[in-house]
Each structure stands twice: as structure tokens, then as C-alpha cells.
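The values are calculated or read from the model by the stated rules, or taken from the named source; none is laboratory data. All values reported here derive from a predicted model rather than from experimental measurement. Neighbour counts run over all protein chains shown; Cβ positions are idealised from the backbone, glycine included.
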Amino acid sequence: MASGAAWRFAARQMPLRLSVGAFFLNSGLSKRGADQATAEGLQEFAATTYPFLGKLGAQQFARLLSAGEIAIAAALLVPVVPAAIAGAAVTAFSAGTLGLYFGTPGMRQEGSLRPTEQGTVLAKDVWMLGIGISLIIDGMSEHR
């Protein structure tokens with residue numbers, strides 16, 4: 001009976017895990033061989049909100065970002081990884097991207113939470129936050 005219950009949870013999580021996992025895998029693989037200019041652009045953008053990232057070399061930053069995204073994809077796509085762990089990884093990453101949204105000038109309309117055209121690319125990551133939190137809650141309820 002317990003394995004049947006676990007299967008139901010896994011089936012319910014599958015659309016979330018597959019769609020977000022595929023997104024992370026594509027994003028991580030696309031950054032894997034980033035050229036110098038791309039790596040510098042990624043790092044400079046991130047360092048505007050998170051200055052400690054400016055201490056890394058641009059290529060090192062791009063490799064770490066790529067590896068992190070691929071690791072999150074693996075946590076989502078490998079069914080034996082508990083939902084709460086996969087959800088925590090997605091939640092942490094999306095909190096970081098939303099931090100960029102809130103901390104980078106020009107991402108939001110003046111005096112508002114609404115994104116500018118440039119900010120939409122980060123503001124949309126709020127869906128990842130919701131999915132991550134949902135997986136955490138679902139994973140925690142599996143162990144009740």
C-alpha cells in the first residue's frame with residue numbers, strides 16, 4: 001500500500017518535475033560552453049545584485065551556473081530524488097533569480113512590483129518559486 005501511495009505522489013508531481021527539469025537542463029547545457037563575452041555578461045548581471053559573484057572569474061561563474069542548473073535538472077528528472085529535496089533546489093534558485101529582479105535597477109516599473117519589458121524575463125521566474133514550494137509541501141506530506 002505504501003508503494004502505491006508513493007506512486008500516486010510521483011505521478012502527481014511528474015508534470016511539474018518534467019517541465020521544470022527540462023527547462024533547467026536546457027538552460028544549463030546552453031551555458032556549458034559559454035564564450036568569454038557571454039560568461040562576462042552573465043557574471044556582470046548577477047554581480048550587480050550579488051557583488052560576491054564578481055570575485056569569481058567569468059568562465060568559472062558560467063561553469064558553476066551551468067553545473068548548478070544541470071544538478072537541479074537531475075534532481076527533478078531522477079524519480080528517486082525526494083520531492084522536498086528537488087523542490088528546495090528549485091526554490092533556492094528561483095529565490096536567487098527573483099532577488100535579481102528586485103535588486104537590479106530597471107527591472108521593475110517605478111514604485112511598483114510590475115516588471116518593465118526588461119524585467120519580465122526574471123519576474124516570470126515566480127512560477128518556479130511556486131513549483132518549488134509545491135514540491136516541498138508535497139514531499140513533506142508524503143512522510144506524514
By residue number, the members of the stretch 93-126 that are without any contact (Cβ under 8 Å) to a residue 40 or more places away in the chain and among the hydroxyl-bearing types (Ser, Thr, Tyr) are Ser94, Thr97, Tyr101, Ser112, Thr116, Thr120
When the stretch 33-43 is checked residue by residue, the ones that are of a type outside the set (Asp, Glu) and modelled with pLDDT of 95 or more are Ala34, Gln36, Ala37, Thr38, Ala39, Gly41, Leu42, Gln43
Exercise. Might you check whether a residue that is within 19 Å of the chain's Cα centre (by Cα), within 17 Å of Gly130 (Cα to Cα) and not charged (D, E, K, R) occurs anywhere in the stretch 104-112?
Key: no
The lone condition Met14 fails out of (1) modelled with pLDDT under 95; (2) assigned to a loop (DSSP other than H, G, I, E, B) is (2)
Per the filter on the stretch 78-108, residues under 22 Å from Ile136 (Cβ atoms), among the hydroxyl-bearing types (Ser, Thr, Tyr) and surrounded by fewer than 17 Cβ atoms within 10 Å (Cβ to Cβ) are none
### Task
Inspect all residues belonging to the stretch 44-62 and state whether any of them is in contact with a Leu (Cβ under 6 Å, 6 or more places away or on another chain) and either modelled with pLDDT under 95 or surrounded by fewer than 12 Cβ atoms within 10 Å (Cβ to Cβ) (or both).
yes
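If I filter the stretch 109-126 down to residues being within 16 Å of Leu42 (Cα to Cα) and among the hydrophobic types (A, V, I, L, M, F, W, C), which single residue comes out as surrounded by the fewest Cβ atoms within 10 Å (Cβ to Cβ)?
We begin by selecting, within the stretch 109-126, every residue within 16 Å of Leu42 (Cα to Cα); these are 118-119, 121-122.
Right, trim to among the hydrophobic types (A, V, I, L, M, F, W, C) and you get 121-122.
Numbers: Val121: 13, Leu122: 20.
The residue in question is Val121.
Being surrounded by fewer than 16 Cβ atoms within 10 Å (Cβ to Cβ) and either farther than 16 Å from Ala22 by Cα or at pLDDT 95 or above (or both) is the requirement here; does Ile72 meet it? Walk me through how you get there before you give the answer.
Numbers: surrounded by fewer than 16 Cβ atoms within 10 Å (Cβ to Cβ): no; either farther than 16 Å from Ala22 by Cα or at pLDDT 95 or above (or both): yes.
Taking the combined requirement at face value, the residue does not satisfy it.
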